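**Student:** Once you've had a glance at the structure underneath, I'll fire off some questions.
The values are calculated or read from the model by the stated rules, or taken from the named source; none is laboratory data. Nothing here was measured: the structure is a model prediction, and the numbers come from that model. Note that we place each Cβ from the backbone using ideal geometry, even for glycine, and neighbour counts take in every protein chain shown. Just the protein is used for accessible areas: all its heavy atoms, side chains included, with ligands, DNA and RNA removed. Shrake-Rupley method; radii C 1.70, N 1.55, O 1.52, S 1.80 Å.
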Amino acid sequence: MIELTAYGDFNCPFSALASARLEELERRGVASGEWRAVEHDTRIPPAGLDVSGDVADMLTSELDRIRDLLAPGEPDRLRLPVRQVSTALATRRYAGTPGEARPAVRQGIFGAHWEGGGPIDDPAALEALGAGSADLEVADQWRAAWQAATEPIVPVLVLADGYVSRGLGALARLAKLLEG
């Protein structure tokens, strides 16, 4: 079984695809992974940004790119959200989630944001998704390790031997692992 560490941001559609691919690899018994949430864009204000104008254009372009990357049979689940949210709270709450619950919580957070347009920056919504109490220490450790491994891009995939795949390269590596 391949051991992987992945870094991603809940408001990044490329990270959402990486998370879904990692989940499928784990389901098949091909890989075992630790997903570490990081806040990629700390400039997003706490209230988030309306998805309109340039923000809508950027995210629409990213979603189009995701669709081009989908392998046959991979579902096209991602939809343009209403807001681009700050993921600071979701990252900290995910960091405080017990390890065995993290995969379901991770997929719930991604799904709420990218499939349902849910407010993943709302404490009550995160509570409903099963997120734990905020753990700033773990979130800071993950961020420091992510920044030490690469330039600040998501998703990032770190193999057991220390090899780092970034961005589209990480998505390609996950797709190749899914192909067998």
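**Student:** Quick check on region 154-180: of everything there that is in a helix (DSSP H, G or I) and open to solvent by 50 Å² or more (accessible area, probe 1.4 Å), which residue is farthest from PRO72 (Cα to Cα)?
**Tutor:** So the residue we want is LEU168.
**Student:** Could you count how many residues in region 123-180 are under 17 Å from the mean Cα position of the chain (by Cα) and of a type in the set (Phe, Trp, Tyr)?
**Tutor:** Residues meeting the conditions: 2.
**Student:** Another one. For region 16-69, enumerate the residues that are under 18 Å from PHE110 (Cβ atoms), hydrophobic (A, V, I, L, M, F, W, C) and in a helix (DSSP H, G or I).
**Tutor:** ALA16, LEU17, ALA18, ALA20, LEU22, LEU25, LEU59, LEU63, ILE66, LEU69
**Student:** Right, next: Within region 100-128, count every residue that is without any contact (Cβ under 8 Å) to a residue 60 or more places away in the chain and either acidic (Asp, Glu) or within 19 Å of GLU26 (Cβ to Cβ) (or both).
**Tutor:** Looking only at that region, the number is 9.
**Student:** Taking region 26-38 only, how many residues are modelled with pLDDT under 95 and crowded, with 19+ Cβ neighbours inside 10 Å?
**Tutor:** 2
**Student:** Filter region 43-64 for residues that are surrounded by 12 or more Cβ atoms within 10 Å (Cβ to Cβ) and touching a residue at least 40 places away in the same chain (Cβ under 8 Å); which is farthest from PRO155 (Cα to Cα)?
**Tutor:** Selected residue: GLY48.
**Student:** Can you confirm whether ARG77 is under 30 Å from GLY132 (Cβ atoms), open to solvent by 60 Å² or more (accessible area, probe 1.4 Å) and basic (Lys, Arg)?
**Tutor:** yes
**Student:** Give the residue, chosen from ALA71, ALA112, ALA101, that is aliphatic (A, V, I, L, M) and more than 17 Å from the chain's Cα centre (by Cα).
**Tutor:** Testing whether each residue is aliphatic (A, V, I, L, M) and more than 17 Å from the chain's Cα centre (by Cα) leaves just ALA71.
**Student:** Return the residue satisfying two criteria in turn: it lies in region 133-153 and is at pLDDT below 95 and not in a helix (DSSP H, G or I), and of such residues it is surrounded by the fewest Cβ atoms within 10 Å (Cβ to Cβ).
**Tutor:** GLU151
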